[in-house]
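> Attaching a single structure in structure tokens format; questions to follow.
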Amino acid sequence: MGIEVKNINKRFGKFTALDNISLKIPDGELVALLGPSGSGKTTLLRIIAGLEEFEAGYNSDILFKNQSVVGNRIAERRVGFVFQHYALFRHQTVFENIAFGLRVRRGVNRISRAEIKRRVDELIHLIQLDGMESRYPDQLSGGQRQRVALARALAIEPKFLLLDEPFGALDARVRQNLRRWLRRLHDEIKLTSVFVTHDQEEALELADRVIVMNAGHIEQEGTPVEVFHHPKSAFVMDFLGSVNLFHGRVVAGQIVFDQSTDVKQEKFFVRPHEIELVPTDPQNVGFPAKIRRIQLAGSIAKIELSDHSEKEIFVEMSHEKYLLHKFKVGDTVSVVPTNTVVFEEDYVI
Amino acid sequence: MKNISTPWTSRIVPTLLVGTTFLFVAFFLVLPLISIFAEALHKGVAAYFNSFKDQYAWSAIRLTLVTAAIAVPLNIVFGVMAAWCIAKFEFWGKSVLITLIDLPFAISPVIAGLVFVLAFGQRTALGSWLLAHDIKIIYAVPGIVLATIFVTFPFVARELIPLMQEQGTLEEEAAVTLGAGGWDVFWRVTLPNIKWGLLYGIILCNARAMGEFGAVSVVSGHIRGETNTMPLYIETLYASYSTVAAFSIATLLAALALVTLVAKSVIEWREKY
């Protein structure tokens with residue numbers, strides 16, 4: 001096992017940041033810690049790195065490759081940490097930043113100047129910043145800074161790579177490119193990595209495994225496909241993409257959506273792409289709603305509707321399907337869910 | 001495009017404010033400065049240089065330099081240490097420490113001097129013990145140095161605390177994850193980030209250390225050739241109607257002030273670009 005966290009608690013005053021967290025991160029995987037802000041994901045990452053203390057409880061431990069690292073100094077843990085806002089040394093050049101971890105080595109680990117130069121040059125080539133080694137951080141773009149921060153962390157040949165919101169401060173386009181680049185890099189060097197994100201798309205696209213966190217505990221762990229298609233809770237379903245909440249009853253094996261919120265109503269969660277819109281509904285399997293807005297700029301057609309109680313409904317469909325029916329704003333159509341999910345517990349979206 | 005011109009009435013207030021400020025500065029700062037040099041030179045250049053031939057003048061200059069040479073380095077060390085722990089760590093009693101650092105600013109320098117006289121004077125147990133062992137602090141050089149350190153203590157720390165707080169601890173954290181020990185973190189990351197602020201604090205600290213009058217006056221005893229610093233010596237000369245000599249020595253302190261101002265502007269400019 002790469003990283004193992006056992007029964008970790010953390011409180012800030014009266015706020016519980018982490019509530020008895022345990023998790024395992026297998027060797028060689030790229031794992032996402034996904035959750036809204038305040039869910040404890042960054043705190044957990046910092047505790048793994050040793051930057052934050054945790055409350056020692058019953059049987060709590062942190063293991064790297066099956067060895068406890070609790071009590072080890074941060075430097076001894078040898079994790080590469082990439083900070084959200086890069087935390088590059090502002091008075092040092094790109095070269096000096098990347099060389100830092102090699103230059104502060106003492107005693108037997110000391111390496112020669114030539115060897116440092118060779119390794120740093122290699123890393124600069126890896127992050128595609130050849131020719132920029134003598135620039136200062138404020139002369140670089142956000143994406144370039146992030147790559148320098150990554151190279152600096154890789155320079156110490158870390159056991160693991162921990163990344164705190166690695167793409168959080170970048171604009172959408174740079175984020176896309178850097179995301180793919182990081183995934184390719186990971187496939188190349190196979191370094192066990194954990195990254196924190198609040199962006200579900202980023203987590204699903206990039207990670208081998210996703211750990212969904214909420215309010216200091218883990219909601220669900222699994223592959224992107226598992227957590228997206230088989231969410232264990234309403235929170236996970238809601239957080240991993242937009243979702244509609246319909247009310248109805250099950251009558252003779254069929255769901256009757258009457259959208260009233262009376263007692264004994266069940267809650268049905270439906271993804272926007274798992275809804276059919278039909279002009280007429282002879283079997284009465286859906287419920288009527290009025291089209292409010294149609295958004296066609298994008299790879300799919302997005303349609304917003306509202307039912308008789310002015311509750312909003314979001315539907316997504318392919319452009320082909322949209323053209324088939326020629327829907328217009330103001331049309332009244334029937335909403336027919338093709339797949340519904342029901343959760344036991346109560347969760348308010 | 002339409003030419004937008006401000007009506008003359010709205011230009012009155014800014015002009016008035018700026019004009020008043022310049023007048024104020026000229027009257028209270030520039031005029032006295034010029035008068036120092038005028039008074040020092042009003043009996044000719046020969047008389048001006050004659051003032052420095054006096055052996056007491058030289059001993060006063062020497063004592064001032066020695067005092068600053070001890071007080072400033074010590075306060076650099078104390079100031080950096082205090083600012084480092086206040087800005088980078090959370091601990092119990094932090095606000096008390098910040099208040100204590102400001103204490104020398106808050107109390108009159110004369111009181112500061114008196115505190116040392118009371119603490120080390122002959123009437124206290126500590127004072128009589130020191131007397132018995134023939135260690136002189138009050139009315140001697142150690143007292144002057146102590147009083148100067150006390151009065152100039154806040155300059156470096158006060159300059160660094162806001163700067164270090166603004167810079168946060170992220171770079172230090174990054175350095176630690178890369179394997180750096182405390183020493184490397186300080187010399188390679190923290191110090192380079194604060195160097196201009198630190199230099200600024202040192203310059204202000206030095207100017208005050210050389211110019212301090214009140215606290216030093218109380219602990220010195222005004223012994224000519226022994227415990228007279230430059231400001232004290234100037235006062236002694238002035239009180240004995242040696243106006244030219246008094247103003248001549250004063251030109252040195254005034255020149256120090258001017259050099260300090262220039263250095264300060266250069267540093268501020270460097271910090272910006």
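> Looking at (1) open to solvent by 10 Å² or more (accessible area, probe 1.4 Å); (2) within 14 Å of chain B (Cβ to nearest Cβ), which is the only condition A:A153 fails?
Of everything listed in (1) open to solvent by 10 Å² or more (accessible area, probe 1.4 Å); (2) within 14 Å of chain B (Cβ to nearest Cβ), A:A153 misses just condition (1).
> Which residue pairs have Cβ atoms under 9 Å apart, sit 6 or more places apart or on different chains, and have a first residue in the range B:87-110 that is assigned by TED's automatic domain parsing to the domain that holds B:N75 and a second that is aromatic (F, W, Y) and exposed (fewer than 12 other Cβ atoms within 10 Å of the Cβ)?
B:L97/B:F91
> Working only within the range B:188-201, note down all residues that are open to solvent by 40 Å² or more (accessible area, probe 1.4 Å) and in contact (Cβ under 8 Å) with a residue 24 or more places away in the chain. Spell out the reasoning first.
We begin by selecting, within the range B:188-201, every residue open to solvent by 40 Å² or more (accessible area, probe 1.4 Å); these are B:188, B:195-196, B:199.
Those that are open to solvent by 40 Å² or more (accessible area, probe 1.4 Å) and in contact (Cβ under 8 Å) with a residue 24 or more places away in the chain: B:W196, B:L199.
> Just one of the numbered conditions (1) more than 9 Å from every other protein chain (Cβ to nearest Cβ); (2) touching a helix residue (DSSP H, G or I) at 6+ places or on another chain (Cβ under 6 Å); (3) under 25 Å from A:I25 (Cα atoms) is not true of A:N66; which one?
Unmet for A:N66, out of (1) more than 9 Å from every other protein chain (Cβ to nearest Cβ); (2) touching a helix residue (DSSP H, G or I) at 6+ places or on another chain (Cβ under 6 Å); (3) under 25 Å from A:I25 (Cα atoms): (2).
Each row is one residue, and each column tells you yes or no for (1) in contact (Cβ under 8 Å) with a residue 24 or more places away in the chain; (2) over 26 Å from A:H229 (Cα atoms).
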| residue | (1), (2) |
| --- | --- |
| A:I255 | yes, no |
| A:F268 | yes, no |
| A:P272 | yes, no |
| A:Q283 | no, yes |
| A:G298 | no, no |
| A:S309 | yes, yes |
| A:F314 | yes, no |
| A:M317 | yes, no |
| A:V335 | yes, no |
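> Moving to a separate point now. Of these, A:K328, A:K321, which one is open to solvent by 40 Å² or more (accessible area, probe 1.4 Å), closer than 13 Å to A:I275 by Cβ, among the basic types (K, R) and not in a strand (DSSP E or B)?
On the way: A:K328 fails: closer than 13 Å to A:I275 by Cβ.
Every option except A:K321 fails the conditions.
> Is it true that some residue in the range B:22-32 is on the phi > 0 side of the Ramachandran plot and either part of a helix (DSSP H, G or I) or open to solvent by less than 70 Å² (accessible area, probe 1.4 Å) (or both)?
no
> Which of the following residues is open to solvent by 60 Å² or more (accessible area, probe 1.4 Å) and of a type in the set (F, W, Y): B:F52, B:F78? Don't jump to the end; show me each part of the working.
Numbers: B:F52 fails: open to solvent by 60 Å² or more (accessible area, probe 1.4 Å).
Of B:F52, B:F78, the one residue that is open to solvent by 60 Å² or more (accessible area, probe 1.4 Å) and of a type in the set (F, W, Y) is B:F78.
> Here is a follow-up. Take B:E235 and tell me if it is under 22 Å from the mean Cα position of the chain (by Cα), more than 14 Å from chain A (Cβ to nearest Cβ) and open to solvent by 40 Å² or more (accessible area, probe 1.4 Å). Let's see the steps before the verdict.
Details: under 22 Å from the mean Cα position of the chain (by Cα): yes; more than 14 Å from chain A (Cβ to nearest Cβ): yes; open to solvent by 40 Å² or more (accessible area, probe 1.4 Å): yes.
It is true that B:E235 is under 22 Å from the mean Cα position of the chain (by Cα), more than 14 Å from chain A (Cβ to nearest Cβ) and open to solvent by 40 Å² or more (accessible area, probe 1.4 Å).
> Quick one: in the range B:86-110, which of the residues that are surrounded by 13 or more Cβ atoms within 10 Å (Cβ to Cβ) and of a type in the set (A, V, I, L, M, F, W, C) is nearest to B:T148 (Cα to Cα)?
Ranking the candidates gives B:V110 first.
Matching residues to (1) among the basic types (K, R); (2) over 25 Å from B:P192 (Cβ atoms):
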{"site": "A:K65", "(1), (2)": "yes, yes"}
{"site": "A:N72", "(1), (2)": "no, yes"}
{"site": "A:V82", "(1), (2)": "no, no"}
{"site": "A:H91", "(1), (2)": "no, no"}
{"site": "A:I98", "(1), (2)": "no, no"}
{"site": "A:R103", "(1), (2)": "yes, no"}
{"site": "A:N109", "(1), (2)": "no, no"}
{"site": "A:S112", "(1), (2)": "no, no"}
{"site": "A:I116", "(1), (2)": "no, no"}
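> Now, a different point. Given the conditions (1) free of Cβ contacts under 8 Å to residues at least 60 places away in the same chain; (2) within 14 Å of chain A (Cβ to nearest Cβ); (3) open to solvent by 20 Å² or more (accessible area, probe 1.4 Å), and given that B:T169 satisfies all but one, which numbered condition is not satisfied?
Tallying (1) free of Cβ contacts under 8 Å to residues at least 60 places away in the same chain; (2) within 14 Å of chain A (Cβ to nearest Cβ); (3) open to solvent by 20 Å² or more (accessible area, probe 1.4 Å), B:T169 fails exactly one: (1).
> Find the strands (runs of 3 or more DSSP E) located wholly in the range A:183-226 whose residues include 3 or more that are within 15 Å of A:T43 (Cβ to Cβ) and open to solvent by less than 30 Å² (accessible area, probe 1.4 Å), and list them.
Result: A:193-197.
> Quick check on the range A:74-84. Is at least one of its residues in a loop (DSSP other than H, G, I, E, B) and open to solvent by 40 Å² or more (accessible area, probe 1.4 Å)? Step through it out loud before you land on a result.
At the first step, the residues of the range A:74-84 found to be in a loop (DSSP other than H, G, I, E, B) are A:78, A:83-84.
With open to solvent by 40 Å² or more (accessible area, probe 1.4 Å) added as a condition, the list becomes A:78, A:84.
Scanning the range A:74-84 turns up at least one residue that is in a loop (DSSP other than H, G, I, E, B) and open to solvent by 40 Å² or more (accessible area, probe 1.4 Å).
Residue-by-condition table, conditions (1) part of a helix (DSSP H, G or I); (2) small (G, A, S):
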{"site": "B:H222", "(1), (2)": "no, no"}
{"site": "B:G225", "(1), (2)": "no, yes"}
{"site": "B:P231", "(1), (2)": "yes, no"}
{"site": "B:I249", "(1), (2)": "yes, no"}
{"site": "B:L253", "(1), (2)": "yes, no"}
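> Of the residues A:G142, A:G131, which single one is over 28 Å from A:D199 (Cα atoms) and in the same structural domain as A:H91 (by TED's automatic domain parsing)? Talk me through it step by step, then tell me what you get.
On the way: A:G142 fails: over 28 Å from A:D199 (Cα atoms).
Criteria check complete, one pass: A:G131.
> Something else now. Can you tell me how many residues within the range A:44-63 are within 14 Å of chain B (Cβ to nearest Cβ) and buried (at least 19 other Cβ atoms within 10 Å of the Cβ)?
From the range A:44-63, those within 14 Å of chain B (Cβ to nearest Cβ) are A:45-53; that's our starting set.
Cutting the leftovers down to buried (at least 19 other Cβ atoms within 10 Å of the Cβ) gives us A:45-51.
Looking only at that region, the number is 7.
> Would you check if B:V185 is without any contact (Cβ under 8 Å) to a residue 12 or more places away in the chain and within 14 Å of chain A (Cβ to nearest Cβ)? If you could, list the steps in order and put the result at the bottom.
Details: without any contact (Cβ under 8 Å) to a residue 12 or more places away in the chain: no; within 14 Å of chain A (Cβ to nearest Cβ): yes.
Judged against the criteria, B:V185 is not a match.
> If I filter the range A:88-106 down to residues being assigned to a loop (DSSP other than H, G, I, E, B), in contact (Cβ under 8 Å) with a residue 24 or more places away in the chain and open to solvent by 10 Å² or more (accessible area, probe 1.4 Å), which single residue comes out as farthest from the other protein chains (Cβ to nearest Cβ)? Reasoning before the result, please.
So in the range A:88-106, the residues assigned to a loop (DSSP other than H, G, I, E, B) come out as A:88-93, A:104-106.
Subset that is in contact (Cβ under 8 Å) with a residue 24 or more places away in the chain: A:88-93.
Checking the rest, the ones that are also open to solvent by 10 Å² or more (accessible area, probe 1.4 Å) come to A:88, A:90-93.
On the way: A:L88: 8, A:R90: 7, A:H91: 4, A:Q92: 8, A:T93: 12 Å.
So, considering only residues that are assigned to a loop (DSSP other than H, G, I, E, B), in contact (Cβ under 8 Å) with a residue 24 or more places away in the chain and open to solvent by 10 Å² or more (accessible area, probe 1.4 Å), the one farthest from the other protein chains (Cβ to nearest Cβ) is A:T93.
The values are calculated or read from the model by the stated rules, or taken from the named source; none is laboratory data. Small disclaimer: the values here were computed from a predicted structure and weren't measured. For neighbour counting, all protein chains shown are included, and Cβ atoms are generated from backbone atoms with ideal geometry for every residue, glycine included. Areas reflect the complete protein model, heavy atoms only, side chains present, ligands, DNA and RNA absent. Shrake-Rupley method; radii C 1.70, N 1.55, O 1.52, S 1.80 Å.
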